[in-house]
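Read-outs throughout are calculated quantities, based only on the coordinates presented, and are distinct from any laboratory measurement. No experiment lies behind these values; they were computed from the predicted model shown. With ideal geometry, Cβ positions are generated from the backbone for all residues, glycine too; neighbour counts draw on all protein chains shown.
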Amino acid sequence: MNDAPRHAYEPLTPDVMLDALAHIGLVGDGRIMALSSYENRVVQCHLDHAPDDVVSPVVAKFYRPQRWSDAAIQEEHDFAWALADAEVPMVAPLRLQGATCHQFQGFRFSVSPRKGGRRPELDDWEVLEWIGRLMARLHNVGAVQPFAHRPALSPTTFGQASKDALIQLNALPMDVETAWLAVYEQAMAHITAAWAGFEGQHIRLHGDCHPGNILWTPDHGPHFVDLDDARSGPSVQDLWMLLSGDRAQQTSALSAVLEGYEQLRPFDRRELRLIEPLRTLRMIHYSAWLARRWDDPAFTVNFPWFGTSDYWHGQVGLLQDQIEAMEKPPLTV
C-alpha cells in the first residue's frame, strides 16, 4: 500500500492544528471551527492558555505547501504590519515567540486576532467613499517600497501562465479546447495592448480586494483582511472589484470610491482603461486556479461543475463578452 498523502492537506488534522498552536504557547480548549477558505486552511480556535496579550479566540492560517516561499510569506506579514503601524485598519498576524510565521510538521502557519464584521453595503455612497479613503491609505503604504519576493500581476503571470497550466493539466475538454484557445488569444491581444499602453506606477497591492475581504463594523467602518494574494500592480486592481452592475451603476460606484480615494492620494485616470483587461485576466486565472487545485478534495466537493463541457462553453461566452467590453471606451468619472 502507498501511505503517501493523497493531497497537500491530508496530514493536517484538527489534532495537528491544535498541537501546532500549543507548540508556540497557545493551548486550545478543543473548540476549533473551520472558516471559509479554499487556498489555505483557516480555523478559529478557542484557547485555554495563552500569553496575556493574546485574546481568545484566535484565527490560525495554515499555508498551502509549496505555494509561497518563506520570504514571500514574510513579505505578506511585513506589509500587514506596515499597514497596521500606519494605523490602516488591517488584521495583521500576531508576533509570537519573536516571529509571525511558524512551522510545525511541515506546515507553515500564522495566528491572527479574531476580528468580526460583515460585508460592506456597496450600494451606499458613504460606504464606498469611506472604502476609497481606506484604499488610498493602503496604497500610500504600498507605494513606499516594492515587493522583492512576491510576483507582479501581469498578462504573463495571470494570462500566459494560466493558459499554459490549463494545457499542461489537460483541463480543457477536446470539444471546447479549440474554441477556448481562439477566444483566449483574442482576449489576450486586447489585454497586452492595454498593458503596453500603460505607463503608470505599479505598487504593492492588497491584490484580492473583493467585498468579502473588506469587513464592516457599524462603529469603526471597514477593515481589510487576507493579504495572501498581495502582489505588485496598478492601483486600479484594488478598486475595480468594488464595481458591479451595468455601466451606469459601475460609474456611480467608481465616482464614490474615487471621491474618497482622492482625498488622500491622487489617482491616475489612465488606469481606468485597465479595468476590463484586469477583469478578464482574473477570469482566466480563476479557471487555472481551479485546475491547479483539483487534487484537493475541498475543490471537487465545492466546485463540482468545473471541468465540464458546459463550464468551458460558458467560459468561451464570457470571454467573448469581455472582448466586447474591452473594445468599448473605458469608464469615465
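With mean projected area of the Cα convex hull in nm² in mind, check (1) 18.4; (2) 19.5; (3) 21.9 and report the label derived from this structure.
Label (1) holds the value from this structure.
Could you give log10 I(q)/I(0) at q = 0.30 Å⁻¹ for region 266-308, computed by the Debye formula over C-alpha point scatterers of equal weight, without solvent?
So the normalised log intensities work out to -1.01.
For the chain, with a Gaussian network of springs between Cα atoms less than 10 Å apart, report the residue from ASP208, ASP219, ASP15 with the top mean-square fluctuation.
So, out of ASP208, ASP219, ASP15, the one fluctuating most is ASP219.
Among the lysines, which fall within straight-line cross-link reach of LYS61, defined as a Cα-Cα distance under 28 Å, with same-chain neighbours fewer than 8 residues apart omitted?
LYS115
Among the helices of the chain (complete DSSP H runs), which have Cα atoms covering no less than 18 Å along the helix axis and a Kyte-Doolittle mean of at least -0.5?
Working: long enough: 70-85 (22 Å, -0.31); 125-142 (25 Å, 0.15); 174-196 (33 Å, 0.50); 247-261 (20 Å, -0.12); 275-292 (25 Å, 0.02); 309-327 (27 Å, -0.61).
Span-like helices here: 70-85, 125-142, 174-196, 247-261, 275-292.
Can you compute the label reach from ARG6? Point 7 Å from Cα along the Cβ direction, backbone N cut-off under 18 Å, restricted to region 300-320.
Answer for region 300-320: 300-304.
Within region 1-62, which trypsin sites (Lys or Arg not before Pro) sit in a loop by DSSP and count at most 16 neighbouring Cβ atoms inside 10 Å?
On the way: sites: ARG6, ARG31, ARG41, LYS61; in loops: ARG6.
Here the trypsin sites (Lys or Arg not before Pro) that fit, given the DSSP loop and packing criteria, are ARG6.
If you build a Gaussian network model of the chain, linking Cα atoms that sit under 10 Å apart, which residue out of PHE109, PHE158, PHE303 swings the most?
PHE303
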